[in-house]
């Protein structure tokens, strides 16, 4: 057990975060999942145990609550023994039209998607050995300025994640820590499930990609697992766009 690689995954109760915990479990990791949804995050950790028979932990905490998050990282380090990897998939969507969105709503999105990501990177970096790997989760919305499902607040927050990732990669290089991001396109998670009930909207978005499809969370998780693996040792400050070819246009 002591030889297994270890990872903390935020937003692990569902979607890309849950898929990442399970993919890492299949690859022999021990994990700590962090999410605000207590029952669901515990269920994912239990499923990970069934996959590889190792110990996995779940912690219910809000990534925007700095004192609780710091305590959660302390608990995670004590449980794991060391932190080899961090995946920051905790995030929220926002679809209010540009002209109607309030400042309060804008700030709320930033609190989770940008500040929450920053806090997790900072706390992981304080506890990581050389060779540590961090993967943030952005979105093609941050590259193209929205226009799919998420609008101004969401798109700009994901643009913030892209810049934050590069800044962290520069700052943490002297510690031997690599920081990269995955920018998914449309992915079939609870975040977009409601939008996908509108078949016309779904077809419009899918038709914008050359593969004309929606990704599965497991596909994004596989990309994340590569970026936090030792095989990605020469990659830092990079964005892996996993969007079925949408950004080719």
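The table below gives the values:
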quantity	calculated
Estimated translational D of segment 1-79 in µm²/s (Stokes, Kirkwood radius over Cα pairs; 10 °C; 1.306 mPa s)	131
Extension gain from residue 102 to residue 212, taking 0.36 nm per residue of separation minus the Cα-Cα distance	36.2 nm
Highest to lowest packing among 180-189, 12-21, scored as the average C-beta count within 10 Å	12-21, 180-189
Segment residue 37-residue 49, length gained on full extension (0.36 nm per residue, minus Cα span)	2.4 nm
Cα radius of gyration and Dmax for segment 198-244 (Å)	14.0, 42
Spacing of the two label points (7 Å from each Cα toward its C-beta) at residue 175 and residue 65, in nm	2.4
Contact order normalised by residue count of segment 6-244, Cα under 8 Å, 6+ apart, percent	20
Euclidean distance between Cα centres, segment 127-170 to segment 171-249, Å	11
Crossing angle, helix 15-26 versus the chain [Cα axis fit, 0-90 degrees, rounded to tens]	30
Estimated D of segment 103-249 in µm² per second, where Rh is the Kirkwood radius over Cα pairs and Stokes-Einstein applies at 37 °C, 0.692 mPa s	207
The chain: mean projected area of Cα convex hull, nm²	12.7
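All of the numbers you see were taken from the coordinates with simple rules; none came from a lab. Bear in mind that the values here come from a model prediction, so they are computed numbers and not experimental data. All Cβ positions, even for glycine, are placed from backbone atoms using ideal geometry, and neighbour counts span all protein chains on display.
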